[in-house]
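Undergrad: To start, I am sharing the structure in question, which I have written as structure tokens.
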Amino acid sequence: MPDPALSTEILHTDPAGIARAADLLRAGALVALPTETVYGLAGDARNAQAVAAIYAAKGRPALNPLIVHLGSLEAAEDLAELCEGARACASTFWPGPLTLVAPLRAGHGLAPAVTAGLPTVALRVPAHPVARVVLEAFGGPLAAPSANPSGRISPTSAAHVMAGLSGRIAAVLDGGSCAVGVESTILGFEDGQPVLLRAGGVSPEALARVLGKAPAPRACGKITAPGQLASHYAPCAALRLNVTRPLPGEVWIGFGPDCAAAEMTLSATGDLQEAASRLFGVLHAADAMDRPIAVAPVPETGLGVAINDRLRRAAAPRV
Ligand code: AMP
Ligand code: MG
């Protein structure tokens, strides 16, 4: 329930706004901030109350661990033991849209709820200049899942954050829209072998180039990450996939030049990078039209893997 006493501040990304965000975070309050993937709902990862407040604000199941955001690879190595493959990926893709899952070190200092009690932690060094400057001003690890009510479409603008969480969080830093637009890729290692836990902003092909082989898909049926639930990123309206001919009344979301008749498009030229950056914004806009949604086919290569993953979950029967 939104707290009528809590009115969410909208902060600018000037020095005063950054300082206010860091002060709120130090006081254990929650601040939504832009990252290159989607807006994150940040709280002090060492403060059990702040972490509990993240789960409460999102209505997120307590079994779904959070990603910890850090300023550097060194800060990550203080918290967890990175294997050789993880370190190679971190060196190549950090700062950027890659999350690494690694075993916690003793004395890590994180609130246990961050990892939902797991002996591993998910770590990321974001690239967005606003996220980086907040991390620096705050000076510690920030737990930050996507800044949306659990199970709904992820936010790629401050307005999306306000639509979902206004009155439930202390502030949102308005840094415009997110460039990557889909969540981070999550990579873990099992018995030293790389496992793709979630497709995202770094393509499987790019990971394979660094690892020398493609990461294995995660073992079927085993849920280790919340983005893995079948129904996720769900709009309120019904959604059909791979639609080349929409039905009367449907909002048709196109991709590529064959869909010139579409009401909205992920990318008129068929550019996957543009489609990823527009995906959640277009879904939010289509959802607001209160009609069934139909989406054109998107190729299953590069960022298309992450886009199709989100679309399949958005279309899945609700749990
Ligand atoms: P979100 O930030 O809402 O996009 O979700 C965070 C993602 O990180 C979820 O998919 C989590 O399950 C995943 N995650 C966080 N910690 C771990 C962990 N220790 N092992 C596996 N996945 C994790
Ligand atoms: Mg999320």
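Undergrad: Hey, what do the phi angles of region 260-277 turn into as Karplus ³J(HN,Hα) couplings, whole Hz, using 6.51/-1.76/1.60 and θ = phi - 60°, x for Gly and Pro?
TA: 4, 7, 5, 6, 9, 9, 6, 6, 5, 8, x, 8, 5, 4, 5, 4, 5, 5
Undergrad: Just to verify a number: FRET efficiency for THR269 and GLU136, C-beta to C-beta distance, R0 = 35 Å, to 0.05?
TA: Calculated value: 0.40.
Undergrad: Based on the mean of other Cβ atoms within 10 Å per residue, sort peptides 254-263, 36-45, 179-188, 106-115 so the most packed one is first.
TA: Answer by packing, highest mean first, reads 36-45, 179-188, 254-263, 106-115.
Undergrad: I've got another one for you. To the nearest 20 Debye, how big is the dipole of the chain about its Cα centre, given +1 on the beta carbon of each Lys and Arg and -1 on that of each Asp and Glu?
TA: 700 debye
Undergrad: Follow-up question, since we're still on this one. Lys and Arg at +1, Asp and Glu at -1: add these up for the other residues within a Cβ distance under 11 Å of VAL295 and post the number.
TA: Residues near VAL295 contribute +2 overall.
Undergrad: Now for a different question. Quick one: putting +1 on the C-beta of Lys and Arg, -1 on the C-beta of Asp and Glu, what dipole do you get for region 6-53 around its Cα centre, in Debye to the nearest 20?
TA: It comes to approximately 160 debye.
Undergrad: Let me ask something else. Let a ≥ b ≥ c be the square roots of the eigenvalues of the Cα gyration tensor of region 1-132; is it rounded (a/c under 1.5), or, if not, prolate (a/b larger than b/c) or oblate?
TA: Oblate is the answer for region 1-132, as a/c is 1.5 or above yet b/c matches or exceeds a/b.
Undergrad: Hey, what did region 24-96 get for relative contact order, percent, Cα under 8 Å, at least 6 apart?
TA: Relative contact order comes out at 19 percent.
Undergrad: Still on this structure: Check ALA42: other-chain or 5+ apart residues with amide H under 5 Å from its amide H, H built from backbone geometry?
TA: Residues meeting the criterion, in which the H sits 1.01 Å from N, are VAL31, ALA32, LEU33.
Undergrad: When only the heavy atoms of the protein chains count and the probe is 1.4 Å, how do ASP78, ASP14, ASP309 rank by accessible area, highest first?
TA: Largest accessible area first, the list is ASP78, ASP14, ASP309.
Undergrad: Shifting gears a bit: Using a Debye calculation, one point per C-alpha and no hydration shell, please list log10 I(q)/I(0) for region 235-319 at q = 0.14, 0.21, 0.25 Å⁻¹ in order.
TA: Taken in order of the listed q values, log10 I(q)/I(0) reads -0.39, -0.93, -1.35.
Undergrad: Provide the per-residue ³J(HN,Hα) series for region 129-145, in order, calculated from phi with Karplus coefficients 6.51, -1.76, 1.60 and θ = phi - 60°, each as a whole number of Hz, with x at glycine and proline positions.
TA: With coefficients 6.51, -1.76 and 1.60, one gets x, 6, 4, 5, 6, 5, 4, 5, 5, 6, x, x, x, 10, 6, 8, x Hz.
Undergrad: At each listed q (0.12 Å⁻¹), what is the log10 of I(q)/I(0) that the Debye formula gives for the chain modelled as equal alpha-carbon point scatterers?
TA: -0.78
The values are calculated or read from the model by the stated rules, or taken from the named source; none is laboratory data. Since this is a predicted model, take the numbers as computed values, not measurements. Note that we place each Cβ from the backbone using ideal geometry, even for glycine, and neighbour counts take in every protein chain shown. What goes into the accessible areas is simple: the full protein's heavy atoms, side chains included, and nothing from ligands, DNA or RNA. Shrake-Rupley method; radii C 1.70, N 1.55, O 1.52, S 1.80 Å.
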